[in-house]
Amino acid sequence: MTLDALLAPDAQLEKVASGFTWCEGPAWIPARGVLRFSDIPGNRVVEIAEADGAVVEVSTDAEFTNGRILAADGAVIECSHGRRAVQIDRGASDPEAPYAPEVLVDRFGQARLNSPNDVVEKSDGTIWFTDPAYGIKRPVEGHAGEEEYGDRYVFRFDPADGSLTPVVIDVEAPNGLAFSPDESVLYISDSSLSPADAEHPNPDRPRGHEIHAYDVVEGRHAKNGRTLVEVDPGLPDGFRVDADGNLWSSSESGIQVFTPDGEKLGEIPVPEKVANCCFGGADGRTLYICASTSIYRIRTTARDAVEARVEGAGAGR
């Protein structure tokens, strides 16, 4: 397989909108045909309509939201640096509903979380998220604070019983995350090449820019961690996995695409540093890209693994 095979024959990178500070956390909301994303330093949540390109500020006091995902029921689950929480906007698919996120989880025992960064929903309804320290160490991304539980973990939250369990504790700055199509592998990006406390970094802590892979055992444990790829130039931030298991990763130079085995298929050059991406559009085959001050898109032949899995489960019922 080549990258060309994953792009539409007439694919051209298109700038959709610009004038933002640092775009992050994209999620496609199919019920309304809009892309929702964060402008983190601007403390805004913004939406762009695919039909007419209209740009709407959903919130101008967003508590520094970052990564988000469309839940199976049409709600949007998102990370809040400011609230130090994972939260849910249950009315996201309703055009008449206000933006009104509710906190799902904000503490690990008695300690507050650091600043949840990115999130995925597993097919069993559990919510897995990363918790680096960017939102409490960088004033433009949240509010100053301390690492109350003393490190930076990847957690599994079960809404059924309210339990919160660390599943990965050995990635220095866990950032983006995604499951393989069959949910047998969990991928996590490490962005510690850019430490949270950039002015006073701890020289004893690692500095990495890899995507790691973990086997998911019994549906709830992450085991056998290993480095899948090193992303260069820059570092991997947010990324997505398509229905064939390929990883579409952010980098300093564009979107880098890797096979499930870590072979690099190629790169989509983007003129600004890329933070994240997601599949969307009416047929789910448009890749939307959050790149510094702008939103870009390009047509592909791929679809998001989660969307394909949900549709497959529906067809089997």
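The values are calculated or read from the model by the stated rules, or taken from the named source; none is laboratory data. Since we're looking at a predicted model, the values are computed, not measured. Don't worry about glycine lacking a Cβ; one is built from the backbone with ideal geometry, like all the others, and counts go over all protein chains shown.
Before moving on, here are some points about what is shown:
- Unique residue being under 23 Å from Glu267 (Cα atoms), small (Gly, Ala, Ser) and in contact (Cβ under 8 Å) with a residue 60 or more places away in the chain when the list is Ala27, Ala31: Ala27
- For segment 109-128, the criterion of being out of contact with any strand residue (DSSP E or B) (no Cβ under 8 Å at 6 or more places or on another chain), not aliphatic (A, V, I, L, M) and not in a loop (DSSP other than H, G, I, E, B) is met by at least one residue.
- Those residues of segment 220-249 which are in contact with a Pro (Cβ under 6 Å, 6 or more places away or on another chain) and closer than 14 Å to His209 by Cβ, in sequence order: Ser249
- Cβ separations smaller than 8 Å between residues 6+ apart or across chains give the following pairs from segment 269-285 residues that are within 12 Å of Tyr296 (Cβ to Cβ) to residues that are of a type in the set (Phe, Trp, Tyr) and surrounded by fewer than 19 Cβ atoms within 10 Å (Cβ to Cβ): Ala275/Trp22.
- Single residue of segment 95-121 satisfying the filter (touching a Leu at 6+ places or on another chain (Cβ under 9 Å) and of a type in the set (D, E, K, R)) that is nearest to Arg32 (Cα to Cα): Glu121
- Complete set of residues in segment 68-104 that are closer than 18 Å to His143 by Cα and among the β-branched types (Val, Ile, Thr): Val86, Val103
- Residues that are buried (at least 16 other Cβ atoms within 10 Å of the Cβ) and free of Cβ contacts under 8 Å to residues at least 60 places away in the same chain, drawn from segment 164-191: Leu164, Val167, Val168, Val171, Glu172, Ala173, Pro174, Leu177, Leu186, Ile188, Asp190, Ser191
- Leading residue by the ranking (surrounded by the most Cβ atoms within 10 Å (Cβ to Cβ)) among those in segment 132-153 that are among the basic types (Lys, Arg) and in a loop (DSSP other than H, G, I, E, B): Arg152
- Residues (acidic (Asp, Glu) and surrounded by fewer than 18 Cβ atoms within 10 Å (Cβ to Cβ)) located in segment 48-80: Asp52, Glu57, Asp61, Asp73
- Asp161 passes every criterion in (1) farther than 15 Å from Glu78 by Cα; (2) in contact (Cβ under 8 Å) with a residue 24 or more places away in the chain; (3) surrounded by fewer than 21 Cβ atoms within 10 Å (Cβ to Cβ); (4) not hydroxyl-bearing (Ser, Thr, Tyr) apart from (2).
- Qualifying residue in segment 66-79 (condition: in contact with a His (Cβ under 7 Å, 6 or more places away or on another chain) and at pLDDT 95 or above): yes
- From Gly109, Gly145, Gly125, Gly150, residue being closer than 22 Å to Arg44 by Cβ and of a type in the set (Gly, Ala, Ser): Gly145
- Selection count, segment 172-203, where residues are part of a loop (DSSP other than H, G, I, E, B), at pLDDT 95 or above and of a type in the set (Asp, Glu): 3
- Of the strands (runs of 3 or more DSSP E) lying entirely inside segment 207-317, those containing at least 1 residues that are basic (Lys, Arg) and buried (at least 17 other Cβ atoms within 10 Å of the Cβ) are 239-241, 294-299.
- Looking across segment 57-76 at every residue that is more than 17 Å from the chain's Cα centre (by Cα) and outside any loop (DSSP other than H, G, I, E, B), the one that is nearest to Gly135 (Cα to Cα) is identified as Ser59.
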